[in-house]
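The values are calculated or read from the model by the stated rules, or taken from the named source; none is laboratory data. As the structure is a prediction and not an experimental result, all values here were calculated from the model. In this analysis, Cβ positions are derived from the backbone assuming ideal geometry, glycine residues included, and neighbour counts consider all displayed protein chains.
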Amino acid sequence: MAKTEYEARLKTLYNEEIVKKLQKELKLKNINQVPKLEKIIVSSGVGKKRDDKRYTETVELTLNKITGQNATSRLAKKSIAQFKIRKGMGAPVGYLVTLRNTKMYEFVDRLVNITLPHVRDFHGVSRKAFDAQGNYSLGLKEQTVFPEISFEDATIAHGIEITFVIKNGSPEGSLKLLEAFGMPFEKENK
């Protein structure tokens with residue numbers, strides 16, 4: 001049967017090999033219990049610089065280039081007097097992009113094989129960033145590690161938060177799934 005649509009390399013690998021391997025490793029009875037990457041949320045807050053139009057435009061442009069999708073702005077959900085923020089305030093407090101399906105797998109492939117090796121003094125990502133449901137969060141201090149960002153776009157540095165939302169996940173199962181995708185976790189001290 002010929003493929004009519006382009007399919008990401010990691011998605012094919014997941015469907016053909018990783019699912020069976022994880023089902024055996026995790027001793028799951030049903031193939032539908034295997035952890036699966038549901039979506040990836042790439043976000044960046046603007047913090048105190050929310051009134052600086054150049055800074056917010058740079059953050060939005062960076063997320064657009066990195067993900068290949070338009071970023072959506074996020075307004076404050078509640079008022080915080082110390083930060084001079086009111087609920088629903090006009091200026092955005094951050095931007096985010098939600099990736100699913102083929103773009104999600106392509107992003108993981110680029111992140112693992114191209115971006116993370118460019119991080120200075122990189123010894124692996126933390127094994128402790130899993131929540132109780134098995135979702136994983138990764139923070140990068142600068143957007144300059146992404147090859148899509150040109151020198152002109154890197155004049156204003158900002159951080160990026162990447163959250164992997166994993167269906168049927170537990171911290172152990174999600175760790176094994178991300179390791180199968182090639183995520184370079186730091187070595188355990190024994």
Which residue pairs have Cβ atoms closer than 7 Å, lie 6 or more positions apart in sequence or on different chains, and pair a first residue in the range 30-46 that is in contact (Cβ under 8 Å) with a residue 24 or more places away in the chain with a second residue that is assigned to a strand (DSSP E or B) and among the acidic types (Asp, Glu)? SER43/GLU161; SER44/GLU161
Could you grab me the full set of residues in the range 126-173 that are surrounded by fewer than 19 Cβ atoms within 10 Å (Cβ to Cβ), closer than 14 Å to PHE185 by Cα and not charged (D, E, K, R)? SER126, ALA129, SER137, LEU138, GLY139, PRO171
If you go through the range 156-190, how many residues are at pLDDT below 80 and part of a helix (DSSP H, G or I)? 0
So in the range 36-74, with the set limited to residues that are touching a helix residue (DSSP H, G or I) at 6+ places or on another chain (Cβ under 9 Å), closer than 17 Å to LEU138 by Cα and part of a strand (DSSP E or B), which one is modelled with the lowest pLDDT? GLY45
Residue, farthest from the chain's Cα centre (by Cα), within the range 114-128, restricted to residues that are over 16 Å from GLU179 (Cβ atoms) and of a type in the set (A, V, I, L, M, F, W, C): PHE122
Filtering the range 1-18 down to residues that are surrounded by fewer than 16 Cβ atoms within 10 Å (Cβ to Cβ) and part of a helix (DSSP H, G or I), which residue is modelled with the lowest pLDDT? ARG9
